[in-house]
1. Testing residue 239 on (1) crowded, with 20+ Cβ neighbours inside 10 Å; (2) in a helix (DSSP H, G or I), one condition comes back false. Which one is that?
2. For the stretch 82-97, state whether one or more residues are surrounded by 19 or more Cβ atoms within 10 Å (Cβ to Cβ), within 16 Å of residue 166 (Cβ to Cβ) and in contact with a helix residue (DSSP H, G or I) (Cβ under 6 Å, 6 or more places away or on another chain).
3. Pull out all pairs, ordered by first then second residue, where Cβ-Cβ is under 7 Å, the residues are six or more apart or on different chains, the first lies in the stretch 37-51 and is free of Cβ contacts under 8 Å to residues at least 24 places away in the same chain, and the second is surrounded by fewer than 24 Cβ atoms within 10 Å (Cβ to Cβ) and in a strand (DSSP E or B).
4. Within the stretch 122-140, count every residue that is free of Cβ contacts under 8 Å to residues at least 60 places away in the same chain and touching a helix residue (DSSP H, G or I) at 6+ places or on another chain (Cβ under 6 Å).
5. Limited to the stretch 35-44, what total is found for residues that are surrounded by fewer than 17 Cβ atoms within 10 Å (Cβ to Cβ) and under 20 Å from residue 116 (Cβ atoms)?
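Laboratory data are not the source of any read-out in this text; all were calculated from the coordinates shown. Every value quoted in this text rests on a predicted model; they were computed, and no experiment measured them. Positions of Cβ are backbone-derived with ideal geometry, glycine not excepted, and every protein chain shown enters the neighbour counts.
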């Protein structure tokens with residue numbers, strides 16, 4: 001079934017005790033609305049509505065779902081609902097806060113705290129040059145706190161990219177728009193197209209998805225940091241597997257950023273998932289210069305020497 005243009009619910013639509021004001025964003029998997037509750041508190045409401053499976057037109061609030069798509073649609077809806085339930089258990093300043101989730105109109109909705117600010121992608125595009133290293137380090141250090149909480153709760157994000165990193169007006173980052181439900185739907189042998197973002201998705205997003213793990217989110221973090229320096233996404237991982245033309249960060253920005261930061265970005269972008277940081281904690285320690293990464297693979301002795309030298313230098317200064 002080809003992708004369709006789903007019609008959003010109309011402005012002013014009453015969804016339980018929430019009144020929809022306007023569409024914030026829409027894509028092939030869902031629609032996000034700005035809404036107010038009965039106390040006029042602004043909220044964001046995300047509606048499960050994959051365009052490959054269902055179509056809403058006219059005045060009907062419930063989408064039309066062809067019989068051949070019904071089982072897949074319901075399976076995806078269950079995954080979306082389960083993801084909402086899992087996110088509702090998380091309460092971390094750097095992870096989107098899910099306040100409620102419910103079924104209506106033969107689909108599922110997630111009610112989230114409305115954040116004021118702009119995405120990292122918008123922040124990058126608004127600048128005329130690369131972002132300062134101090135800003136990159138501070139922002140991603142905070143973001144990793146949230147991602148660590150996600151992984152601690154046995155969840156993966158699976159769609160980390162500048163468009164899904166929201167920078168609040170106070171400068172703090174928050175992870176939004178998790179892609180685990182979308183990824184699960186793709187894995188179930190459906191005929192849906194891959195649901196990931198080229199350039200930010202790890203090699204295992206593209207193939208051998210049984211290898212997906214924390215290191216996959218870490219690849220996406222590295223790609224997002226790379227985009228902060230390049231003002232564009234890195235070469236897609238599937239293309240890199242065929243012919244790796246990605247210019248390493250250590251080569252592209254030597255002298256402009258610290259060797260330590262550039263080496264960490266390159267480390268996150270290793271094609272072999274076993275050669276990347278295996279946990280957010282390991283990446284955090286390296287980013288803070290507190291611990292030398294454990295790098296057993298050949299080809300990385302320079303990184304080990306570099307991180308060790310940096311750690312010793314900091315100890316002397318302290």
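1. (1)
2. Yes, some residue in the stretch 82-97 is surrounded by 19 or more Cβ atoms within 10 Å (Cβ to Cβ), within 16 Å of residue 166 (Cβ to Cβ) and in contact with a helix residue (DSSP H, G or I) (Cβ under 6 Å, 6 or more places away or on another chain).
3. Note: pairs meeting the criteria are 37/18; 37/43.
4. 0
5. If we filter the stretch 35-44 for residues that are surrounded by fewer than 17 Cβ atoms within 10 Å (Cβ to Cβ), which is where we start, we get 36-42.
Next, from what is left, pick out any that are under 20 Å from residue 116 (Cβ atoms): 36-37, 39-42.
Residues that pass the stated criteria total 6.
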